[in-house]
Amino acid sequence: MMEIGDIKRLGNFDWQVLEIVGGRALLLSKKVVEVRQFADHEFSLTSTNGWRESALRRYLNGEFLDSLGTAKDAICQTVVQNDNNSWYGSAGGIETADKVFLLSISEVVRLFGDSGQLANRPTSATSWINDEYNDRRIARQDNGEPFWWWLRSPGDMAHRAAFVNSMGCICVDGYDTDSMRAPGGVRPAVWVMADALL
């Protein structure tokens, strides 16, 4: 029987079970699977729709999904809500229909532990959530080194996206989506039919 916290193999990757709802399981890659930009240059300078128009979304639902081979048949298409940034008011854009997506700020808080900081920002100058759940949010690369990873939520401005840093803090103000200087880690999330992984 599948349980929250189990590690399952899907394609060439290990995935952690984060949630089980009505016969479906939400999986998140256990490690950073690769390092990529969130968006291309033209997108970041003109768009306010974040995840919906991002190069990373196109990649995950195209080339990455195809790389999973027959395992992709277990993945369900999901309506993904793209909420505004609750601290800064930046627009998240309209909902999307995706098979592969990134987690949002609110999903990370709900699934990894909620200290109440998202709902009650500690100070107006605070730009990240730094709490007792940091260790749960840390992601690692294949070499075991901690690495930061993108979230789909907008940062404090339209051309920035939120992320979890290498110490597990949620950086609500975000990072430039088109940065070639330091592209971010990718931890894909998928909903699958739970019985397909038993």
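The values are calculated or read from the model by the stated rules, or taken from the named source; none is laboratory data. Everything numeric here is computed off the predicted structure, so don't read it as measured data. Reconstructed Cβ throughout: ideal geometry from the backbone, glycine too, with neighbour counts over all protein chains shown.
Would you say Gly69 is closer than 20 Å to Ala162 by Cα and small (Gly, Ala, Ser)?
no
Among the residues of segment 114-133, is any in contact (Cβ under 8 Å) with a residue 24 or more places away in the chain, closer than 23 Å to Glu34 by Cβ, under 18 Å from the mean Cα position of the chain (by Cα) and buried (at least 18 other Cβ atoms within 10 Å of the Cβ)?
No, every residue in segment 114-133 fails to be in contact (Cβ under 8 Å) with a residue 24 or more places away in the chain, closer than 23 Å to Glu34 by Cβ, under 18 Å from the mean Cα position of the chain (by Cα) and buried (at least 18 other Cβ atoms within 10 Å of the Cβ).
What number of residues in segment 3-42 are over 17 Å from the mean Cα position of the chain (by Cα), surrounded by 14 or more Cβ atoms within 10 Å (Cβ to Cβ) and assigned to a loop (DSSP other than H, G, I, E, B)?
3
Look at segment 136-181 and say how many of its residues are over 24 Å from Gly93 (Cβ atoms), out of contact with any helix residue (DSSP H, G or I) (no Cβ under 7 Å at 6 or more places or on another chain) and not β-branched (Val, Ile, Thr).
11
Is it the case that Ala71 is surrounded by 15 or more Cβ atoms within 10 Å (Cβ to Cβ), among the hydrophobic types (A, V, I, L, M, F, W, C), farther than 19 Å from Asp176 by Cβ and modelled with pLDDT under 95?
When the stated conditions are applied, Ala71 passes them.
Residues Asp135, Asp142, Asp156, Asp131: which one is of a type outside the set (Gly, Ala, Ser) and outside any loop (DSSP other than H, G, I, E, B)?
Asp135
Identify, please: which residue in segment 159-181 is within 17 Å of the chain's Cα centre (by Cα) and part of a loop (DSSP other than H, G, I, E, B) and is, among those, nearest to Arg121 (Cα to Cα)? Quick ask: steps written out before the conclusion?
Initial filter on segment 159-181 (within 17 Å of the chain's Cα centre (by Cα)): 159-178.
Okay, now just the ones that are also part of a loop (DSSP other than H, G, I, E, B), so 159, 165-169, 177-178.
On the way: His159: 22, Asn165: 18, Ser166: 21, Met167: 19, Gly168: 17, Cys169: 14, Thr177: 24, Asp178: 27 Å.
Per the criteria, the residue is Cys169.
Does any residue of segment 100-119 turn out to be among the acidic types (Asp, Glu), assigned to a loop (DSSP other than H, G, I, E, B) and under 16 Å from Trp15 (Cα atoms)?
no
Quick one: how many residues across segment 57-89 are out of contact with any Lys or Arg (no Cβ under 6 Å at 6 or more places or on another chain), assigned to a helix (DSSP H, G or I) and of a type outside the set (S, T, N, Q)?
Selection size over segment 57-89: 13.
Look through segment 151-169, keep the residues that are buried (at least 24 other Cβ atoms within 10 Å of the Cβ), in contact (Cβ under 8 Å) with a residue 24 or more places away in the chain and of a type in the set (A, V, I, L, M, F, W, C), and return whichever of them is nearest to Asn12 (Cα to Cα).
Top of the filtered list is Leu151.
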